[in-house]
Amino acid sequence: MKTLYMVRHAKSSWKHDVIDHQRPLKKRGENDATLVSEKIATEVPAPQKMISSDAVRALTTATYFKKTFGISEDDFSTNHDLYDFSGQNVMKIIKNLDDTLDRVMIVGHNHAFTSVANMLGNSYIENVPTCGFVMLEFETDSWSNITTGKTARTLFPRDLK
């Protein structure tokens, strides 16, 4: 069985005069990342590997989950291809994951994450909100073979407020 955890970056700030890739989290995003990471870490096993978009807002969100799950530097990486909004690059990353890994967390962006969650899960999600967590399970031994799996768990910031 393969399990994919997907986390959309937390709420970002538009008040800074920076390019999209450099936008930081706003205070609400930091609070949501704390809430969601702490709650989900009590419910699911830690991922064996975490991969984050290298955009500031995604990478900052990922650091909350990394710390909460106790993920080592060796098991954490960034991948610019997760700075994707269509989902094509996200799917390539998922399909090319190392088959020795059974649980992987990716941190990235919409609309890609909502599209991928709906393509690979068995429950329709209208929109994965900022700092939304989606857990997908697949009955396969190889990431390259995944098709529709089971949407095993979702956790959105609004569920905790």
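The values are calculated or read from the model by the stated rules, or taken from the named source; none is laboratory data. Not measured: the values here are computed from a predicted model. Positions of Cβ are generated from backbone atoms using ideal geometry, with glycine treated the same way; all protein chains shown enter the neighbour counts. The protein model used for the area step is the full one, side chains on, heavy atoms only, and it has no ligands, DNA or RNA in it. Shrake-Rupley method; radii C 1.70, N 1.55, O 1.52, S 1.80 Å.
Please note which helices (runs of 4 or more DSSP H) are completely contained in the stretch 17-116 and include at least 2 residues that are hydroxyl-bearing (Ser, Thr, Tyr). Quick ask: steps written out before the conclusion?
Numbers: elements: 27-40, 56-69, 88-95.
Output list reads 27-40, 56-69.
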Handout entry: When residues of the stretch 143-161 are limited to those that are in a loop (DSSP other than H, G, I, E, B) and open to solvent by less than 20 Å² (accessible area, probe 1.4 Å), the one farthest from Ser52 (Cα to Cα)
Key = Gly149
Practice task
Determine which member of the set Leu97, Leu59 is modelled with pLDDT of 95 or more and open to solvent by less than 30 Å² (accessible area, probe 1.4 Å).
Solution key: Leu97
Handout entry: Selection within the stretch 3-16 - assigned to a loop (DSSP other than H, G, I, E, B) and more than 21 Å from Phe85 (Cα to Cα)
Key = Lys15, His16
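Answer with yes or no whether Thr42 is out of contact with any Leu (no Cβ under 6 Å at 6 or more places or on another chain), surrounded by 13 or more Cβ atoms within 10 Å (Cβ to Cβ) and either within 16 Å of Phe133 (Cβ to Cβ) or not β-branched (Val, Ile, Thr) (or both). Spell out the reasoning first.
Values: out of contact with any Leu (no Cβ under 6 Å at 6 or more places or on another chain): yes; surrounded by 13 or more Cβ atoms within 10 Å (Cβ to Cβ): no; either within 16 Å of Phe133 (Cβ to Cβ) or not β-branched (Val, Ile, Thr) (or both): yes.
Taking the combined requirement at face value, the residue does not satisfy it.
Look through Val36, Val18 and report the one residue that is open to solvent by less than 60 Å² (accessible area, probe 1.4 Å) and either over 18 Å from Pro157 (Cα atoms) or touching a residue at least 12 places away in the same chain (Cβ under 8 Å) (or both). Even if it seems obvious, please write down each step before you answer.
Details: Val18 fails: open to solvent by less than 60 Å² (accessible area, probe 1.4 Å).
The match here is Val36.
Considering the stretch 62-94 alone, what residues qualify as being aromatic (Phe, Trp, Tyr) and either open to solvent by 20 Å² or more (accessible area, probe 1.4 Å) or over 12 Å from the mean Cα position of the chain (by Cα) (or both)? Lay out the reasoning, then the answer.
Of all residues in the stretch 62-94, those aromatic (Phe, Trp, Tyr) come to 64-65, 69, 76, 83, 85.
Answer for the stretch 62-94, where residues must be aromatic (Phe, Trp, Tyr) and either open to solvent by 20 Å² or more (accessible area, probe 1.4 Å) or over 12 Å from the mean Cα position of the chain (by Cα) (or both): Tyr64, Phe69, Phe76, Tyr83, Phe85.
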Completion exercise
Contact list, first residue from the stretch 99-126 and at negative phi, second anywhere and open to solvent by 70 Å² or more (accessible area, probe 1.4 Å) and not in a loop (DSSP other than H, G, I, E, B), beta-carbon distance below 6 Å, six or more apart or interchain, is Asn122/Lys150
Problem - Where a residue in the stretch 134-150 is under 10 Å from Asp99 (Cα atoms) and its partner, wherever it lies, is part of a helix (DSSP H, G or I), with Cβ under 9 Å and at least six apart - result: Trp143/Ile94; Trp143/Lys95; Ser144/Lys95
Problem - Filter result for Ala10 (among the hydrophobic types (A, V, I, L, M, F, W, C), farther than 24 Å from Ser142 by Cβ and in contact (Cβ under 8 Å) with a residue 40 or more places away in the chain) - result: yes
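Quick one: is Thr130 under 11 Å from the mean Cα position of the chain (by Cα) and of a type in the set (Val, Ile, Thr)?
The answer is yes for Thr130.
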Exercise for the section: Inspect the stretch 124-142 for any residue being more than 23 Å from Asn31 (Cα to Cα), touching a Phe, Trp or Tyr at 6+ places or on another chain (Cβ under 8 Å) and open to solvent by 10 Å² or more (accessible area, probe 1.4 Å) and give the result as yes or no. Expected result: no
Handout entry: Filtered residues of the stretch 62-94 (kept if at pLDDT below 95, on the phi < 0 side of the Ramachandran plot and of a type in the set (Gly, Ala, Ser))
Key = Ser86
